[in-house]
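Worksheet for the structure shown next.
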Amino acid sequence: STFGGPDTISKMPDVEESVPPKDPGDSEGRSCKPETSGPPHEDKSGPEDPPPFLSVTGLTETVNEVSKLSNKIGMNCDYYMEEKVLPPSSLEGKVKETVHNAFWDHLKEQLSATPPDFSCALELLKEIKEILLSLLLPRQNRLRTEIEEALDTDLLKQEAEHGALKVLYLSKYVLNMMALLCAPLRDEAVQKLENITDPVWLLRGIFQVLGLMKMDMVNYTIQSLQPHLQEHSIQYERAKFQELLNKQPSLLNHTTKWLTQAAADLTMSPPTCPDTSDSSSLAGPSPNEATNNSEPLSPTMVLCQGFLNLLLWDPENEEFPETLLMDRTRLQELKSQLHQLTIMASVLLVASSFSGSVLFGSPQFVDKLKRITKSLLEDFHSRPEEAILTVSEQVSQEIHQSLKNMGLVALSSDNTASLMGQLQNIAKKENCVHSVIDQRIRLFLKCCLVLGVQRSLLDLPGGLTLIEAELAELGQKFVNLTHHNQQVFGPYYTEILETLISPTQALETKVESV
């Protein structure tokens, strides 16, 4: 068998609320042009700048040289870019809104003047023409010619000089072209614009929806190039690492130690995957309880165990595997997300034992508890005791009030006190609920590496069903990260693992190399 990662797995914004992304090449030096938003906001799950504690000389330069966009897309086949939307209450958001309104008010004044001033309208139509042309595919020559003729800059300028520029008519033409070119999910936004008769508001709406269409084209292009970018990222990262390895033969020392520990953990741990054990074993012996496992080791399982061990890594331990230094920040984020889900699932499990099936049969009630818990846990690392106390108070109050609203028996004072006490104890790692939930989530992640996310979701153990969506997100991020890493460094892992596993078995199972 080979260790190849398993197969990986919108609301239409109102046209008056979203703002098209900024076109970096044309905005400078133009006064008659709407101020647009900044560069597209990229997915936060991608690689960050190298952490300051990199211990291998030269690896920082390697990280900086690797194309970040290529690396992101290589690890996530569902990668997409989205527009950065500023909170209206933020200073930047308020400033941008003021500038936007000022521009469109200025355009309205120009078109309402006698005779009308078409200078800004000409610039807008020129910009719209450029955007429409950028949305065309190379083979769409007929449409390209049609747009060039309908929005001919020289002709429009002549019409403007004679006061005969038909702004509303041209806007309607643009709208028809947008309906022809837009993706199906933009149909509703385009249709909304068809009912607007005011030329200024229509142009404003056109710019906003064109911004969304530009982002759609960017994502279409990214998806088309994804396989090529992925292959480039894999080959580039491996080549750079090999250059460093040639200069520093000891560069794999920590990686070797990491995999050796993973093999030792497997030797002393019971089998833990639905394929080899039923769900009742999930609350059985923990990985720290030495239980000799006579099953032969395989490179696949050793590497899976190694990746799981990284989610338990002591931040003070500088012997981090060299092959994963680029992923250290992302792994820390996954570790934090895992801890938050452990607390959330534990809270829901304890809360359900006090409120019965009626409340927890309501998805709206469960979602509300999850939102409350997630929001209050943001300060958990800095103030764990205060955070969990607030969670216990808010959750108890929500259960009490919901039972009362439904005409059910509310919690007694004794039950309320007991509920709050049990919720507060969840924060302690030795708490039995916390321990079992943590173990089950880690087992789920291990199964994701072996079976894939979707298959692992089919048989979730007790206590995890209420956080299925959150688990799916966590599992997919973990699978993407580990799969990309093993594609890049698979040959090095194979060589190391062959020294840890019997030669006979090493021939039977091999880490996939690309």
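The values are calculated or read from the model by the stated rules, or taken from the named source; none is laboratory data. From a predicted model like this one, the values you see are computed outputs, not experimental measurements. No Cβ is skipped: glycine too gets one built from the backbone with ideal geometry, and neighbour counts run over all protein chains shown. Only protein heavy atoms, including side chains, enter the accessible area calculation; ligands, DNA and RNA are left aside. Shrake-Rupley method; radii C 1.70, N 1.55, O 1.52, S 1.80 Å.
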Förster radius 25 Å - calculated FRET efficiency between GLU498 and GLN332, Cβ distance, rounded to 0.05: 0.25
Shape category assigned to the range 184-256 from the gyration tensor of Cα positions, a/c cut at 1.5: prolate
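How much of the accessible area of the range 334-461, in percent, comes from carbon and sulfur atoms when a 1.4 Å probe is used?
Numbers: 3110 of 6190 Å².
Its accessible area is 50 percent carbon and sulfur atoms.
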Pair ASP105, LYS428: separation of 7 Å Cα→Cβ label points (nm): 6.2 nm
Cross-link pairs beyond the 23 Å C-alpha cut-off, checked among LYS335/LYS374; LYS247/LYS446; LYS404/LYS428; LYS257/LYS477: LYS247/LYS446; LYS404/LYS428; LYS257/LYS477
Mean-position separation - Cα centroids, the range 158-182 and the range 294-330, in angstrom: 60 Å
Inter-probe distance in nm under a simple model that places probes 7 Å from Cα toward Cβ, at HIS381 and LEU408: 3.6 nm
Percent of Cα pairs exceeding the 22 Å cut-off, where the set is the range 302-501: 53 percent
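Please work out the average accessible area per residue across the range 89-181, using the 1.4 Å probe convention, and give it in Å².
With all protein chains present, the range 89-181 gives 58 Å² per residue.
Hey, can you find the accessible area per residue of the range 302-501 for me, probe 1.4 Å, expressed in square angstrom? It would help to have the intermediate numbers written out before the result.
Values: 8430 Å² over 200 residues.
In whole numbers, the range 302-501 has 42 Å² accessible per residue.
Just subtract the alpha-carbon distance of ASN317 and GLN364 from 0.36 nm times their residue separation and send over the number in nm, one decimal. Intermediate values should be presented prior to the final figure.
Working: separation 47, 0.36 × 47 = 16.92 nm, distance 4.27 nm.
Taking ASN317 through GLN364 to full extension adds about 12.7 nm, to one decimal.
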